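Encoded as structure tokens, the structure appears first; notes follow it.
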Amino acid sequence: MLEKIKEIKAAIDAFVIDSPAKLEEFRISYLAKKGVITDLMTGLKDVVQEERKSIGLALNDLKTKAWEKFEQQQSGLGESTVETDAPDMNLPVQVFPLGSRHPLSIVRQEIIEIFEQMGFAMSDGPEIEDDWHNFSALNFPQNHPARDMQDTFFISKNPDVLLRTHTSTVQVRLMEKQKPPIRAIMPGRVYRNEAISARAHCLFHQIEGLYIDRNVGFKDLKQTLYHFVKEMFGKDQKIRFRPSFFPFTEPSAEIDISCLICNGAGCNICKHTGWVEIGGSGMVDPNVLTANNIDPEEFTGFAFGMGIERITMLRYGIKDLRLFTENDVRFVSQFSGLS
Ligand code: PHE
């Protein structure tokens, strides 16, 4: 009988368990009620008295070995089945990081929505422009000092190809293809050859508006911008118009609002005046209407242009314009969840 036990032990050692089916086969052969080990246990009573103890010990040892092997393989196979066949529901969830919209995009969208509610349509045009659309059609005479107001990046000279210095170019493009009434806003990127600082950049964004129809007056310009400022910054926001000059509008006015960074007390953003300029405006100069084949005797209009960076800085209390283009995640991620 000891011989038999040795044989079974060798067979157990040699038994390769590499699948759940093999594991079950092992269990049935050696551990089940009708398996070989139970058989031998039952036969123990027929063994002569003197040998019974040693055979009993050997059988117990065999049984423990068989169970050990079974349990070890069972846990090993258990893991691999989960890995190959089914998703593991216990794995921790990997949170997918959501991006955020750039603050300039958020504010641009807000501005657009306010003007769309007043019936303004959206319009756009190219960033690379010619002299006509950026200057001449807007009543900038050749060699006039007004051209120096806007330091221009030229791509070529004669013919002049340049990066647009303002979105007023889109006014011209719109007047070329559409007859009044015209009521549109034109957001876009513009370029000026300026040193980069906390207050100025060589590229920034403007949103321009144009309204041409019969009997459009300065009161309409004022009311439109009053409404915009109250919607954008709240009904208590102060606004003032300051006489100014633009070649393409007459009369012209700069639009100031009370500084939201210091509440009018004076800071570096408002140059310690308590007021910040958010854009320019005015009644479209008759020369511009004529240059664009619109009869100034029949139609009048107003136009305005505002800096989106400036409005965003005031909206969120941002003190340095350079933050918008540095792509610092610590800055942009603060706007996540806003739309
Ligand atoms: N184009 C002007 C600028 O960039 C702004 C402006 C637009 C002024 C329309 C008046 C009317 O400074």
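Side notes on the structure shown:
- Just one of the listed residues (VAL288, VAL276) is more than 14 Å from the ligand (Cβ to nearest atom), β-branched (Val, Ile, Thr) and not in a loop (DSSP other than H, G, I, E, B), and it is VAL276.
- Here is the figure for segment 157-178: residues that are crowded, with 16+ Cβ neighbours inside 10 Å and over 23 Å from GLU309 (Cβ atoms) total 5.
- Residues within segment 203-238 that are away from the ligand (no atom under 14 Å from the Cβ) and more than 24 Å from ASP285 (Cα to Cα), tallied: 10
- Residues that are surrounded by fewer than 15 Cβ atoms within 10 Å (Cβ to Cβ) and either away from the ligand (no atom under 15 Å from the Cβ) or over 24 Å from ASN134 (Cα atoms) (or both), drawn from segment 179-202: LYS179, PRO181, ALA195, ILE196, SER197, ALA198
- Residues (under 21 Å from HIS166 (Cα atoms) and within 16 Å of the ligand (Cβ to nearest atom)) located in segment 292-320: ASN292, GLY301, PHE302, ALA303, PHE304, GLY305, MET306, GLY307, ILE308, GLU309, ARG310, ILE311
- Qualifying strands (runs of 3 or more DSSP E) (wholly inside segment 100-163; at least 3 residues being more than 30 Å from VAL332 (Cβ to Cβ)): 154-156
- Tally of residues being at pLDDT 95 or above and touching a strand residue (DSSP E or B) at 6+ places or on another chain (Cβ under 7 Å) across segment 223-235: 3
Yes/no matrix, rows are residues, columns are (1) within 14 Å of the ligand (Cβ to nearest atom); (2) touching a residue at least 60 places away in the same chain (Cβ under 8 Å); (3) among the polar types (S, T, N, Q):
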| position | (1), (2), (3) |
| --- | --- |
| ARG101 | no, yes, no |
| ILE112 | no, yes, no |
| LEU138 | yes, yes, no |
| ARG147 | yes, no, no |
| PHE154 | no, no, no |
| LYS177 | no, no, no |
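- Flag if ILE207 is among the hydrophobic types (A, V, I, L, M, F, W, C), free of Cβ contacts under 8 Å to residues at least 24 places away in the same chain and assigned by TED's automatic domain parsing to the domain that holds VAL288: no
- Odd one out for ILE294 among (1) closer than 22 Å to ILE207 by Cα; (2) of a type outside the set (Asp, Glu); (3) surrounded by 18 or more Cβ atoms within 10 Å (Cβ to Cβ); (4) modelled with pLDDT of 95 or more: (1)
The values are calculated or read from the model by the stated rules, or taken from the named source; none is laboratory data. Note that the coordinates shown come from a computational prediction; the quantities given were computed from them, not determined experimentally. Backbone-built Cβ (ideal geometry, glycine too); neighbour counts: all protein chains shown.
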